[in-house]
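The values are calculated or read from the model by the stated rules, or taken from the named source; none is laboratory data. Note that this is a predicted model, so its numbers are computed, not measured. Cβ coordinates were reconstructed from backbone atoms using ideal geometry, including for glycine residues, and neighbour counts include every protein chain displayed.
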Amino acid sequence: MRMTVIGTGYVGLVHAVCMADIGHEVVGVDTDEARIAPLTEGRSPIHEPGLDELLTRTLASGRLRFSTSLADAARFADVHFVCVGTPQMPGGEAADVRQVDAVIDDLAPLVRPGSLIIGKSTVPVGTTARLGARLRAVAPHSEVAVNPEFLREGFAVSDTRRPERIVVGAESRRAEMVLREIYEPMLISGARFFSTDPATAELVKVASNAFLATKISFINAMAEVCDAAGADVVTLADAVGQDSRIGHRFLQPGLGFGGSCFPKDIRAFAARAEELGVGEAIAFLRQVDEINLRQRTRTVDLARDLVGGSFTGRHVGVLGAAFKPGSDDVRDSPALEVASAIRREGAEVRVHDPEALDNARRGFPELQYAFDVPKACEDADLVLHLTAWPEYRDISPDRLASVVRSRKILDARDTLDATTWQSAGWTLSALGRPPTN
Ligand code: NAD
C-alpha cells in the first residue's frame, strides 16, 4: 500500500522504515530540512538499535523516500500517518497539539477525496473527533482515525516490527479495514488487534503510560520508606515483583522516569481530566509526578552528603546522560538534570554516555564530557551512576579505583553489584539501600 508518514522523529522515522520493510511504499515527510537531508542519504539523525541497517535496506529497495513537501505527500498517497510532536504546553501542563493541528490544516486542502489521516501522536482524549470535524470542513470525503504508538525508545525497531497490540480508533469500517491491511504481517505474527472508537483508543495510550509511571513511582516511594527504615528496596522489589499478579517489570527503583513521554503524558492526562470535570479521579497522577521528580532532589542531596556537605571544588564523574539506556534521547533526562544541579552548586562535573554525548552537549553546554568512563571519573571525589546502560554493570571497580580521588559511588539506578564494588574497597550508596561500607 502507498502511504506517507508525516513527522520523522523517533516514532515517525521508525514507522516509515518498518512500513517500507514489510512491503509498503512510503514517503517520510518532515518540515525540518536538517532531518530530511541526511535521511535522503541514508544517515539517521537518531540512534535506535537496528535502524541504520533498515534505513539503508529500505532506501535501496526503492520503497522509501523522504520529502519536505506536504503537497508531494498528498499527491503520492491517500493514507497519511501523523507522527509529529505533542510536547507539554509552554508554561502549562496540557499537551500542545499545535503541530498536529497544523498538519491537518495544511493537508486538508491538498488531499484527494477518500483520504485517510491516521494519528499516531499521543493526544488528549477528544482530539481525533475534533480533528475529524476540522478535516471534513475542508475535505468532506476524507476521514481521520487514531492508531496510538506504544514503542519504547531503545527498542523502537523491534517494538514496531513485533508489536504486542495494535489499537485503532476509527469512525468507519473502511478505515479499520485499511489499518488491518497495513498491519497484516504483524497480525499474522500474533499482534492483537483492538478496534474501538477514537476516544477509547486515545485513552488506551495515556492510561498505559499512566499505569507504568505509577508503578515506577510506587517503588520509588517504597525506596524512600526503606531509607527511613534501614531496609533494602532492591530485595523488596524483587520479592514483591515475584508475585505474578504484580510482576518485576517497571518495579526498578532509582532515579525515576524522564524522556519525552511519561512526564508530559501524565501531566497532559491530568490536565485533560480536569477539563472533563474528572480531575479528582486521577489526582493521584500529580503525586506520581511529584514522587518521580523528588528522586532527582534526593539524588543531589545524597551526593552532597557523600562529598562532605558541599560540592564547591569537588570533582564528580557522571555515568549516563540519556534519559534511559539504549537511547540517545536526552529530553527531560533525569541524569542531566542531576548533573546540571550539582554543577550549579559548584562541582566540576564530567559526563560519560555511550550514545547521547552529542545531544547532551547541545542541551547542556556548561557540563564537561568524556568519551570513556575512566576519563569521566578522573580525580573524582564521587562517581554517580545515573543511566542504567548495561555496560556500566561491567565496569571493573578495581580499574576505576586507580583514577578516582575517592572510592565513592552513588548508584542512583540500583543496578550495580554492591558486593563487587565493596570488595574493591568502594563505598557504594544507593537510593533505598543501606550503605555498603
Ligand atoms: P519527535 O520530536 O522526535 O519528532 C517529531 C517530528 O515531527 C520532528 O522531526 C518535527 O520536525 C516533525 N514535524 C513537526 N511539525 C511538522 C509538520 N507540520 N510537518 C511535518 N513534520 C513536522 O517526536 P517523537 O518522539 O517521534 O514523538 C512523536 C509523537 O509520538 C508524540 O506525540 C509522542 O508523544 C508520541 N510517542 C512518542 C514515543 C517515543 O518513545 N518517542 C512513543 C510513543 C508515542
Residue under question is Ser310, and the condition is that it be polar (S, T, N, Q) and over 22 Å from Thr214 (Cα atoms); does it hold?
yes
Evaluation of Pro49 against (1) modelled with pLDDT of 95 or more; (2) exposed (fewer than 15 other Cβ atoms within 10 Å of the Cβ); (3) of a type outside the set (Ser, Thr, Tyr); (4) farther than 12 Å from Val17 by Cα (one fails), failing number
(1)
Could you check, for the range 57-65, whether at least one of its residues is in contact with a strand residue (DSSP E or B) (Cβ under 8 Å, 6 or more places away or on another chain), within 10 Å of the ligand (Cβ to nearest atom) and in a strand (DSSP E or B)?
no
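Would you check which residues across the range 341-356 are within 19 Å of the chain's Cα centre (by Cα) and closer than 19 Å to His315 by Cα and list them?
Asp353
So, in the range 276-310, of the ones that are of a type in the set (A, V, I, L, M, F, W, C) and within 19 Å of Thr122 (Cα to Cα), which residue ends up nearest to the chain's Cα centre (by Cα)?
Looking at the filtered set, the residue picked out is Leu285.
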Leu54 passes all but one of the listed conditions (1) more than 12 Å from the ligand (Cβ to nearest atom); (2) in contact with a strand residue (DSSP E or B) (Cβ under 9 Å, 6 or more places away or on another chain); (3) among the aliphatic types (A, V, I, L, M); the exception is number (2)
So is Asn209 at pLDDT 95 or above, outside the structural domain of Arg165 (by TED's automatic domain parsing), buried (at least 18 other Cβ atoms within 10 Å of the Cβ) and closer than 15 Å to Gln295 by Cβ or not?
no
If I go through the range 214-233 residue by residue, how many of them are farther than 17 Å from Leu285 by Cα and in a helix (DSSP H, G or I)?
8
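Go through Lys264, Lys215, Lys205 for me and flag whichever is of a type outside the set (A, V, I, L, M, F, W, C) and farther than 26 Å from Ala145 by Cα. Even if it seems obvious, please write down each step before you answer.
Values: Lys264 fails: farther than 26 Å from Ala145 by Cα; Lys205 fails: farther than 26 Å from Ala145 by Cα.
Being of a type outside the set (A, V, I, L, M, F, W, C) and farther than 26 Å from Ala145 by Cα holds for just one of Lys264, Lys215, Lys205, which is Lys215.
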Set Arg57, Arg75, Arg65, Arg43: member being surrounded by fewer than 17 Cβ atoms within 10 Å (Cβ to Cβ) and farther than 27 Å from Pro325 by Cα:
Arg75
Which is surrounded by 19 or more Cβ atoms within 10 Å (Cβ to Cβ), more than 16 Å from the ligand (Cβ to nearest atom), within 25 Å of the chain's Cα centre (by Cα) and under 18 Å from Lys205 (Cα atoms), of Ala268, Ala237, Ala273?
Ala273
Find the residue count for the range 117-164, including only residues that are within 13 Å of the ligand (Cβ to nearest atom) and not in a helix (DSSP H, G or I).
19
Qualifying positions in the range 66-91 - within 16 Å of the ligand (Cβ to nearest atom), assigned to a loop (DSSP other than H, G, I, E, B) and out of contact with any strand residue (DSSP E or B) (no Cβ under 8 Å at 6 or more places or on another chain)
Gly85, Pro90
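Do we find a residue being touching a residue at least 60 places away in the same chain (Cβ under 8 Å), under 21 Å from the mean Cα position of the chain (by Cα) and within 23 Å of Asn147 (Cβ to Cβ) anywhere in the range 33-48? Walk me through it before giving the result.
Filtering the range 33-48 for residues touching a residue at least 60 places away in the same chain (Cβ under 8 Å) gives 46-48.
If we keep only those that are under 21 Å from the mean Cα position of the chain (by Cα) as well, we get 46-48.
Still in the list and also within 23 Å of Asn147 (Cβ to Cβ): 46, 48.
For the range 33-48, residues touching a residue at least 60 places away in the same chain (Cβ under 8 Å), under 21 Å from the mean Cα position of the chain (by Cα) and within 23 Å of Asn147 (Cβ to Cβ): present.
Does at least one position in the range 362-372 carry a residue that is in a strand (DSSP E or B) and buried (at least 24 other Cβ atoms within 10 Å of the Cβ)? Working first, answer last.
Here is the first cut: in the range 362-372, the ones in a strand (DSSP E or B) are 368-370.
From what is left, the residues that are buried (at least 24 other Cβ atoms within 10 Å of the Cβ) are none.
No - not one qualifying residue is present in the range 362-372.
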So how many residues does the range 175-205 have that are in contact with a Leu (Cβ under 8 Å, 6 or more places away or on another chain), surrounded by fewer than 18 Cβ atoms within 10 Å (Cβ to Cβ) and in a helix (DSSP H, G or I)?
1
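Restricted to the range 1-32, and to residues that are assigned to a helix (DSSP H, G or I), under 22 Å from Ile104 (Cβ atoms) and not hydrophobic (A, V, I, L, M, F, W, C), which residue is nearest to the ligand (Cβ to nearest atom)? Step through it out loud before you land on a result.
First, pick out the residues of the range 1-32 that are assigned to a helix (DSSP H, G or I): 10-21.
Right, trim to under 22 Å from Ile104 (Cβ atoms) and you get 10-13, 15-16, 19.
Adding the requirement that they be not hydrophobic (A, V, I, L, M, F, W, C) leaves 10, 12, 15.
On the way: Tyr10: 4, Gly12: 6, His15: 9 Å.
Checked the range 1-32; the qualifying residue nearest to the ligand (Cβ to nearest atom) is Tyr10.
Restricting to the range 341-354, name every residue that is over 22 Å from Leu428 (Cα atoms) and surrounded by fewer than 20 Cβ atoms within 10 Å (Cβ to Cβ). Spell out how you get there, then give the answer.
Step one: list which residues in the range 341-354 are over 22 Å from Leu428 (Cα atoms), which gives 344-346, 354.
Arg344, Glu345, Gly346, listed by residue number.
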So if I check each of Asp105, Asp52, which one is out of contact with any Asp or Glu (no Cβ under 9 Å at 6 or more places or on another chain) and without any contact (Cβ under 8 Å) to a residue 12 or more places away in the chain?
Asp52
On the given criteria, is Gly259 in the same structural domain as Lys215 (by TED's automatic domain parsing), more than 16 Å from the ligand (Cβ to nearest atom) and assigned to a loop (DSSP other than H, G, I, E, B)?
no
Arg249 is checked against (1) touching a strand residue (DSSP E or B) at 6+ places or on another chain (Cβ under 7 Å); (2) surrounded by fewer than 20 Cβ atoms within 10 Å (Cβ to Cβ) and fails just one. What number does that condition carry?
(1)
In the set Arg361, Arg393, which member is closer than 23 Å to Ala341 by Cα and in the same structural domain as Arg304 (by TED's automatic domain parsing)?
Arg361
